[in-house]
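Undergrad: My questions all concern the structure below.
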Amino acid sequence: MSYLIKKERHKELSNLLNLHSKQYYIFDDPGISDAEYDNLYKELLKIEEEFPELKSETSPSQKIGASVSRKFKKITHSVPMISLDNAYNEDDISAFFDRVRKLSNIENVDMVLEPKMDGLSASLIYKDGVLVSASTRGDGVIGEDVTANILTIDGIPKKIGIQDVEIRGEVVMLKSDFQALNKQREEAAEKLFANPRNAAAGSLRQLDHRVTASRKLTFFAYSIISSKNIFKTQMEVLEALRSYGLVVSDKIALCKNQSEAFEFYKKIERQRAELEYDIDGIVYKVNDLLLQKQLGASTKFPRHSIAYKFPAEKAQTTVLNIITQVGRTGNITPVAELKPVTVGGVVVSRATLHNKDELDKRDIRIGDRVVLQRAGDVIPQILYPILEERPAHAVPFVFPMTCPCCEAALVKEENEVAIKCINLGCEAQLVERLIHFVSKLAFNIDGLGEQNIRFLYERGIIKSPVDIFSLEERNGELHLEDSEGWGTVSVKKLFKSINSAKTVPLDRFIYSLGIPQIGRAVSKAIANFLKTYGNFLECVKNNSEEDLYSIQGIGSSIVNDFRSFFTNENNKKILIKLGGDENSKGIVDIVNAESAEREIFSGQTIVFTGSFKNFSREEARALAEKFGGRTSSSISSKTSFVVAGENAGQKIDQARKMSINIISEDDFIKKIEN
């Protein structure tokens, strides 16, 4: 039984790792942090160690990078660009040193330590000293031709004083250049890059080299490959790269033993947040190049090098100010405005302080030097103030007595931590509710992000969720396409997305209303219990508390919030306008929970391939399963049909050979809408 469970988990991990590799290498849009990816990968290796028969050529443990995007021409690497194995603690590093000693028969091997840049690996080919081509790592064997884009990067010489070599390095965006780029994009109302790595990868992998030229990139060189034995050590290589005019990191050390290496690792870890570029670890490399060749490589990793990854990153910065924000349920949250600092691959300038009690308990003051942490996509969190560095002018924050938006008196109910604004007309709450209503897990309306919601609200165009669905009808007077930041194409896409959103499952409809304490799980539980919108409406109108108490996991606190929400007549009116009642038809069609599980895709197995405009792969699978379908990651005789997105791969050819029906993303959506 254990084997079957592990086999299923291995398959699940393989699919996840392959998906996230593609997101990282092909789309430059990682869905999880490096630390989260590493944890999944380590779990996969542990299973393969226990059950070696599960390891195959298609396993993520045997792959490098991801396949090359079809947008670019291909370049085959003369020597594969294989990735490095990872170490996560001193025991892993000790094992690495032991392996090198055993394989080399040398007691103390000199190691060169270099920062592991968080960017995009690239290869430059020089013939007769002239730069002739450049490529990304790709899958390690074949890369993408980015020659035109590489030529736009300052610091990469077009000619060097050496014949016929390949120079490898990392393309990064310095933190200062990243902040400047995002500021430009913010002013132009364009989507911001999440972190410098995404910005660098997205900039280098542009089809129009003029876009790359408009963004400041830096290439850090770290390797020279030549058919001639020109250099004897890695340190000589680095000095030569500098002499050719290439940029080389100045955070490099030659260490004689493991103890020296560990000291350098800890030193750079302390300096990490202050560096001008992002790094996620330190690379340990055998200095002797001849010994490197003798040590060779395994299927996936060189034996002469390893990357010692840093733990979840912490950083120090200064609290410039503390402000308060109003949430959609009226909760007042203190927020620290920070001196910008990079932590966990993201430039952080704000961090939540949760609530007044937490703020008082931690005694965080304006002017304090603080330690903060960000692991993966978790919201940055201040761990503690550094009391020994507290300046004399630092003063405790005085929590306001009135709402920072509408100036209504704030209240704190008995046995509750939150301090609230209970003014239902408070504009800050109204805007936050609208943002929640159109969010991905609610009505999922593309084109109505936070910025556009605020734009439409401030101009009086949208004041309630009901107003969203009349936008197209009113556009004859509004002329949205003429407004700054909009255009004919974006407005058409918005109207299409609004019309698509008019059919919504009952659980997502309940979630979209923004009832306090009723998140995704509780919304689903209510929908599954009440089954239909009609029953939900009756529960609201009759104030049927006994119905809610019958649902597992729902207690008096949630019931009280539910009752209070619909005590407000305006909330009831919005509910009926959206969903309708016995006297009127609603604006939206709400799919009953009782029919959603068995309709449309019942008995069918669906395979999704490629990337989609309206949802992620996981969301597409969840949607298919919600409407009765079964999903699979592989094509077989049991496959009913394949949904093909952009950049669909070999599964399309496989489906055609097996005469399996292939439909588009739009066709899939139409099936659900119909």
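Please treat every number below as a calculation from the coordinates, not as lab data. Nothing here was measured: the structure is a model prediction, and the numbers come from that model. In this analysis, Cβ positions are derived from the backbone assuming ideal geometry, glycine residues included, and neighbour counts consider all displayed protein chains.
Undergrad: Under the Karplus relation 6.51 cos²θ - 1.76 cosθ + 1.60, θ = phi - 60°, what is the ordered set of whole-Hz ³J(HN,Hα) values for the stretch 191-205, x standing for Gly and Pro?
TA: 4, 7, 6, 6, 7, x, 5, 4, 5, 5, 5, x, 6, 6, 9
Undergrad: Still on this structure: Quick one: helix 258-271 against the long Cα principal axis of the chain, what's the angle to the nearest 10°, folded into 0 to 90?
TA: 40 degrees
Undergrad: Could you work out the local net charge near residue 526, counting Lys and Arg as +1, Asp and Glu as -1, over the other residues with Cβ closer than 12 Å to its Cβ? Provide the component values of the computation, followed by the final result.
TA: Values: positive: 508, 520, 524, 531; negative: 507, 547.
Net charge in that neighbourhood comes out at +2.
Undergrad: Among all the aspartates and glutamates, which ones have a C-alpha under 13 Å from residue 256's C-alpha, if same-chain residues fewer than 8 places away are not counted?
TA: Candidates past the 8-residue exclusion: 107, 110, 288.
Undergrad: What is the helix-to-structure angle for 617-626, meaning the angle in degrees between its Cα long axis and the longest Cα principal axis of the chain, kept from 0 to 90 and rounded to the nearest 10?
TA: Taking the Cα atoms of the chain, the angle to 617-626 is about 40 degrees.
Undergrad: Run the numbers for residue 622 and residue 274: contour at 0.36 nm per residue of separation, minus the present Cα-Cα distance, in nm. Before the final figure, lay out each step's value.
TA: Working: separation 348, 0.36 × 348 = 125.28 nm, distance 4.18 nm.
Full-extension gain reported as 121.1 nm.
Undergrad: Specify the inter-centroid distance of the stretch 555-574 and the stretch 445-469, based on alpha-carbon positions, in whole Å.
TA: Centre-to-centre (Cα) distance: 24 Å.
Undergrad: Right, something else. Can you compute the label reach from residue 399? Point 7 Å from Cα along the Cβ direction, backbone N cut-off under 14 Å, restricted to the stretch 332-359.
TA: Under cut-off, by backbone N: 332-335, 353-359.
Undergrad: Residues of the stretch 202-245 with the amide nitrogen closer than 18 Å to a label point 7 Å from the Cα of residue 127, along Cα-to-Cβ, please.
TA: Under 18 Å, as judged by backbone N against the label point of residue 127, lie 225-228 of the stretch 202-245.
Undergrad: Another question, then. Can you tell me the relative contact order of the chain? Whole percent, Cα pairs under 8 Å, sequence separation 6 or more. Don't jump to the answer; show the numbers that get you there.
TA: Working: 1155 pairs, mean separation 58.4, N = 674.
Normalised by residue count, the contact order of the chain is 9 percent.
Undergrad: At what distance in nm do the modelled label points of residue 190 and residue 663 sit from each other, each positioned 7 Å from its Cα along Cα→Cβ?
TA: So the two model labels end up 3.7 nm from each other.
Undergrad: Which pairs, out of 42/183; 159/191; 531/573, put more than 28 Å between their alpha-carbon atoms? Before the final figure, lay out the partial values.
TA: Details: 42/183 38 Å; 159/191 37 Å; 531/573 22 Å.
The answer is 42/183; 159/191.
Undergrad: Looking only at the stretch 567-581, which residues have a backbone nitrogen under 13 Å from a spot 7 Å from the Cα of residue 411 in the C-beta direction?
TA: The answer is 568.
Undergrad: Another question about this same structure. Please give the net charge around residue 320, taking every other residue with its beta carbon less than 13 angstrom from that of residue 320, where Lys and Arg add +1 and Asp and Glu add -1. Please report the intermediate quantities before stating the final value.
TA: Working: positive: 339, 350, 365, 369; negative: 337, 368.
Local charge sum for residue 320: +2.
Undergrad: Another question about this same structure. Give me the extension gain from residue 176 to residue 209: residue separation times 0.36 nm, minus the current Cα-Cα distance, reported in nm with one decimal.
TA: The residue 176-residue 209 span can extend by a further 9.7 nm.
Undergrad: Over what distance in Å are the Cα centres of the stretch 80-143 and the stretch 196-245 separated?
TA: 14 Å
Undergrad: Residue 46: which lysines have alpha carbons under 21 Å from its alpha carbon, excluding same-chain residues fewer than 8 sequence positions away?
TA: 6, 7, 11, 55, 63, 300, 309
Undergrad: Something else: Just subtract the alpha-carbon distance of residue 50 and residue 251 from 0.36 nm times their residue separation and send over the number in nm, one decimal. Could you put the intermediate results ahead of the total?
TA: Details: separation 201, 0.36 × 201 = 72.36 nm, distance 3.91 nm.
So the extension gain works out to 68.5 nm.
Undergrad: With each label point set 7 Å from Cα along the Cα-Cβ vector, what nm distance links residue 76 and residue 638?
TA: Between residue 76 and residue 638, the simple spin-label model gives 3.9 nm.
Undergrad: Quick check on the exposure proxy: order 466, 326 from fewest to most C-beta atoms within 10 angstrom.
TA: With the fewest neighbours first, 466, 326 line up as 466, 326.
Undergrad: Related question: For residue 412, give me every one of the lysines with a C-alpha distance below 22 angstrom, ignoring sequence neighbours fewer than eight places off in its own chain.
TA: List returned: 356, 361, 420.
Undergrad: Non-local amide H neighbours of residue 371 (under 5 Å, H modeled in plane, Pro and chain starts lacking H): which ones?
TA: 383, 384, 386
Undergrad: Across the Cα atoms of the chain, what radius of gyration and what greatest pairwise Cα-Cα distance (Dmax) are found, in Å?
TA: Computed over the Cα atoms of the chain, radius of gyration and Dmax are 28.4, 88 Å.
Undergrad: Using the alpha-carbon atoms, what tilt in degrees (0 to 90, nearest 10) does helix 488-500 show relative to the longest principal axis of the chain?
TA: 60 degrees
Undergrad: Tell me, what HN-Hα J-couplings in whole Hz come from the Karplus equation 6.51 cos²θ - 1.76 cosθ + 1.60 at θ = phi - 60° for each residue of the stretch 7-18, using x for Gly and Pro?
TA: For the stretch 7-18, the Karplus curve yields 5, 5, 5, 4, 5, 5, 5, 4, 5, 4, 5, 5 Hz.
Undergrad: Continuing with the same structure: Efficiency by 1/(1 + (r/R0)^6): what FRET value for residue 231 and residue 650, r their Cβ-Cβ distance, R0 = 41 Å, to the nearest 0.05?
TA: Working: r = 41 Å, r/R0 = 1.00.
Efficiency at R0 = 41 Å is approximately 0.50.
Undergrad: Amide H of residue 366: which non-local residues (sequence gap of 5 or more, or other chain) have their own amide H closer than 5 Å, using H built in the peptide plane?
TA: 395, 397
Undergrad: Let me ask something else. Ranking request for peptides 648-659, 112-123: highest mean number of other beta-carbon atoms within 10 Å first, then the rest in descending order. Each step should come with its number before you reach the end.
TA: Values: 648-659: 13.7, 112-123: 22.9.
Packing order, densest peptide first, comes out as 112-123, 648-659.
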